[in-house]
Amino acid sequence: QVQLVESGGGLVQAGDSLRLSCAASGSTFSSYAVGWFRQTPGKEREFVAAISRTGASTSFADSVKGRFTISRDNSKNTVYLQLNSLKPEDTAVYYCAADRRGYSRTDGLYDYWGQGTQVTVSS
């Protein structure tokens, strides 16, 4: 089992950057692929990015490709989501999720979730 805690959210202006962190504890973090998802009120949770167990493979939603990057430091049990050139439509609660089976764009395939961190982008 693994416990996940997100941090790094905040209120920024359009065009600014943020780095979100997903810190893990409780198990061998390098055994887990990690995905980032986001959700706004009244909408379904949507895929943002994902990274494989070693970090060798990544995947991004089309809406963030070229603006967001994902990385991990298994020695620190942490995955990072770098958000650049932020837009008001990026406003959401961002969640990280982990699973042993490999990364996926489908939230239902992840077994472990953090509590989320709010990102608000003003225009």
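The values are calculated or read from the model by the stated rules, or taken from the named source; none is laboratory data. Here the structure is a predicted model, which is why all the values come from computation and not from measurement. When we count neighbours, we look across all protein chains shown, and the Cβ atoms used for this are built from the backbone with ideal geometry, even at glycine. Side chains are part of the model used for accessible areas, which takes the heavy atoms of the whole protein and leaves out ligands, DNA and RNA. Shrake-Rupley method; radii C 1.70, N 1.55, O 1.52, S 1.80 Å.
Here region 67-114 is the region considered, the condition is being in contact with an Asp or Glu (Cβ under 7 Å, 6 or more places away or on another chain) and in a loop (DSSP other than H, G, I, E, B), and the residue that is surrounded by the fewest Cβ atoms within 10 Å (Cβ to Cβ) is D111.
When residues in region 70-123 are screened for being within 18 Å of G8 (Cα to Cα), among the hydrophobic types (A, V, I, L, M, F, W, C) and in contact with a Lys or Arg (Cβ under 9 Å, 6 or more places away or on another chain), 8 of them pass.
Test S27 against the criterion of being out of contact with any Ser or Thr (no Cβ under 7 Å at 6 or more places or on another chain), assigned to a loop (DSSP other than H, G, I, E, B) and closer than 21 Å to S7 by Cβ, and give yes or no. Yes, satisfied.
Close Cβ contacts (under 7 Å, 6 or more residues apart or on different chains) running from residues in region 1-27 that are free of Cβ contacts under 8 Å to residues at least 40 places away in the same chain to residues that are open to solvent by less than 30 Å² (accessible area, probe 1.4 Å) comprise G26/V2; S27/V2. The set of residues from region 28-57 being hydroxyl-bearing (S, T, Y) and touching a residue at least 40 places away in the same chain (Cβ under 8 Å) comprises S30, S31, Y32, T40, S52, S57.
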